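The values are calculated or read from the model by the stated rules, or taken from the named source; none is laboratory data. None of the values given here were measured: they were computed from a predicted structure. Every residue, glycine among them, receives a Cβ derived from its backbone with ideal geometry; neighbour counts consider all protein chains shown.
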Amino acid sequence: MINRTTLTGRLTKDVELKYTQSGTAIGNFNLAVNRAFTSKDGERETDFINCVIWRKAAENFANFTHKGALVGIDGRIQTRNYEDKDGKRVYVTEVVVENFALLEPKSNNQAPQATQQPFNNSDNIDISDDDLPF
């Protein structure tokens, strides 16, 4: 049996990071994924996919992403159901994320910094092609 999904989209809000009673991290988020076609009105429709990520990956994902971040995820589709507090059966379909990739430079994922330069001094660095190892 094959159950794989790969998605690219933007987070609709910050990751909701929680911990189980045993201390395991779990992150829930919603991914907005554009459809490959447009409607008859010429509008591109979007699917909003529920996703869940576990353990250290959940903590890393929550720390390095934010609402609007462009990410790629890889995982499997899972269905489950439970009874809510009113006794009504609730059905859930979600992607269980196993791998992810941040698809924007770090500078696009955070508020602008006062300086984006790698060196704090104003000295020029003189490097010739002979100094490079490649």
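Some points to look at:
- Residue within region 44-67 that is touching a residue at least 40 places away in the same chain (Cβ under 8 Å) and on the phi > 0 side of the Ramachandran plot present: no
- Residue within region 30-38 that is at pLDDT below 95, assigned to a strand (DSSP E or B) and among the aromatic types (Phe, Trp, Tyr) present: yes
- Taking the criterion of being surrounded by 12 or more Cβ atoms within 10 Å (Cβ to Cβ) and not in a strand (DSSP E or B), the residues of region 14-29 that qualify are ASP14, VAL15, THR24.
- Yes/no for ASN3 being of a type outside the set (Phe, Trp, Tyr), at pLDDT below 95 and either under 12 Å from PHE100 (Cβ atoms) or surrounded by fewer than 14 Cβ atoms within 10 Å (Cβ to Cβ) (or both): no
- Members of region 59-104 that are closer than 12 Å to LEU7 by Cα, more than 10 Å from the chain's Cα centre (by Cα) and surrounded by fewer than 13 Cβ atoms within 10 Å (Cβ to Cβ): ILE77
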